[in-house]
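Structure record follows, encoded as C-alpha coordinates.
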Amino acid sequence: KDGGDYICDSGDEQTMASLVVKALPVIFTQPLQNQQAKEGGTITLSCEISKSNAAVQWKKAGTVLQPSDKYKMRQAGSVAELMIHNLSEADS
(Lines give C-alpha, C1' and ligand atoms only; values in the text may rest on other atoms or scores of the structure.)
Protein backbone atom coordinates (compact mmCIF):
# COMPACT_ATOMS: atom_id res chain seq x y z
CA LYS A 1 0.00 0.00 0.00
CA ASP A 2 3.02 2.30 0.30
CA GLY A 3 3.87 1.95 -3.38
CA GLY A 4 3.13 4.82 -5.74
CA ASP A 5 4.44 8.16 -6.95
CA TYR A 6 6.03 10.55 -4.45
CA ILE A 7 6.71 14.22 -5.13
CA CYS A 8 9.02 16.68 -3.38
CA ASP A 9 7.84 20.22 -4.15
CA SER A 10 9.92 23.35 -3.30
CA GLY A 11 7.45 25.80 -4.76
CA ASP A 12 9.68 26.67 -7.73
CA GLU A 13 10.55 23.11 -8.73
CA GLN A 14 9.52 19.58 -8.01
CA THR A 15 10.95 16.15 -8.37
CA MET A 16 9.11 12.85 -8.52
CA ALA A 17 9.97 9.22 -7.90
CA SER A 18 8.00 6.00 -8.09
CA LEU A 19 8.21 3.49 -5.27
CA VAL A 20 7.58 -0.21 -5.88
CA VAL A 21 7.36 -2.37 -2.76
CA LYS A 22 8.00 -6.07 -3.33
CA ALA A 23 6.08 -8.29 -0.92
CA LEU A 24 8.08 -10.84 1.03
CA PRO A 25 7.08 -14.46 0.43
CA VAL A 26 5.06 -16.27 3.06
CA ILE A 27 7.21 -18.88 4.78
CA PHE A 28 6.41 -21.47 7.43
CA THR A 29 7.96 -20.47 10.75
CA GLN A 30 6.51 -23.59 12.42
CA PRO A 31 5.82 -26.46 10.00
CA LEU A 32 3.31 -29.27 10.44
CA GLN A 33 4.36 -32.11 12.74
CA ASN A 34 3.68 -35.82 12.22
CA GLN A 35 1.04 -37.16 14.61
CA GLN A 36 -0.72 -40.37 15.57
CA ALA A 37 -4.31 -40.68 16.79
CA LYS A 38 -6.93 -43.32 17.49
CA GLU A 39 -9.74 -44.22 15.12
CA GLY A 40 -12.93 -42.29 15.92
CA GLY A 41 -11.01 -39.48 17.63
CA THR A 42 -10.26 -35.90 16.72
CA ILE A 43 -6.89 -34.37 15.93
CA THR A 44 -5.68 -30.83 15.33
CA LEU A 45 -2.89 -30.10 12.87
CA SER A 46 -1.34 -26.65 13.13
CA CYS A 47 1.36 -24.59 11.49
CA GLU A 48 2.58 -21.02 11.75
CA ILE A 49 3.33 -18.67 8.85
CA SER A 50 5.43 -15.52 8.61
CA LYS A 51 2.55 -13.18 7.68
CA SER A 52 -0.51 -12.81 9.86
CA ASN A 53 -3.75 -13.71 8.13
CA ALA A 54 -2.11 -14.72 4.83
CA ALA A 55 -4.43 -17.10 3.01
CA VAL A 56 -3.68 -20.80 3.42
CA GLN A 57 -5.25 -23.92 1.91
CA TRP A 58 -5.41 -27.32 3.53
CA LYS A 59 -4.89 -30.27 1.17
CA LYS A 60 -4.75 -34.05 1.45
CA ALA A 61 -3.11 -35.99 -1.38
CA GLY A 62 -3.34 -32.89 -3.61
CA THR A 63 -7.07 -32.34 -3.03
CA VAL A 64 -8.15 -29.08 -1.38
CA LEU A 65 -10.13 -29.77 1.79
CA GLN A 66 -13.38 -27.88 2.33
CA PRO A 67 -14.95 -27.02 5.70
CA SER A 68 -17.46 -29.70 6.71
CA ASP A 69 -18.58 -31.75 9.69
CA LYS A 70 -15.31 -33.68 9.31
CA TYR A 71 -12.91 -30.78 8.63
CA LYS A 72 -12.83 -27.54 10.59
CA MET A 73 -10.35 -24.84 9.58
CA ARG A 74 -9.34 -21.94 11.78
CA GLN A 75 -6.79 -19.18 11.41
CA ALA A 76 -5.85 -16.72 14.14
CA GLY A 77 -3.13 -14.33 13.07
CA SER A 78 -0.18 -16.38 11.89
CA VAL A 79 -1.41 -19.75 13.21
CA ALA A 80 -3.49 -21.99 10.93
CA GLU A 81 -5.26 -25.07 12.29
CA LEU A 82 -7.08 -28.03 10.77
CA MET A 83 -9.28 -30.17 13.02
CA ILE A 84 -10.19 -33.60 11.68
CA HIS A 85 -13.15 -35.24 13.42
CA ASN A 86 -14.22 -38.90 13.51
CA LEU A 87 -10.84 -40.19 12.32
CA SER A 88 -10.67 -43.29 10.16
CA GLU A 89 -7.79 -45.15 8.49
CA ALA A 90 -8.65 -43.29 5.27
CA ASP A 91 -7.53 -40.07 6.99
CA SER A 92 -3.93 -41.33 7.19
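For this structure, a couple of remarks:
- Proximal lysines relative to residue 72, as straight alpha-carbon distance under 28 Å, when same-chain residues fewer than 8 apart are discounted: 38, 51, 59, 60
- FRET efficiency for residue 32 and residue 8, using Cβ-Cβ distance with R0 set to 41 Å, rounded to 0.05: 0.25
- Here the simple spin-label model places points 7 Å from the Cα toward Cβ, and for residue 15 and residue 59 these points are separated by 4.8 nm.
- Accessible area (Å², per residue) of the chain, counting only protein heavy atoms and a probe of 1.4 Å: 81
- Dipole magnitude (debye, nearest 20) for the chain, charges at Cβ of Lys, Arg, Asp, Glu: 620
- Hits among aspartates and glutamates - C-alpha to C-alpha of residue 22 under 12 Å, sequence gap 8 or more where chains match: 2
- For Cα extents along the principal axes in Å, computed directly from the structure shown, the correct entry in (1) 52, 19, 17; (2) 77, 23, 22; (3) 44, 26, 23 is (2).
- Euclidean distance of C-alpha centroids, region 49-92 and region 1-20, integer Å: 44
The values are calculated or read from the model by the stated rules, or taken from the named source; none is laboratory data. All values derive from a computational prediction rather than experimental measurement. We place every Cβ from the backbone using ideal geometry, glycine too, and count neighbours over all the protein chains shown. Calculation scope for accessible area: heavy atoms of the full protein, side chains included, ligands and nucleic acids excluded. Shrake-Rupley method; radii C 1.70, N 1.55, O 1.52, S 1.80 Å.
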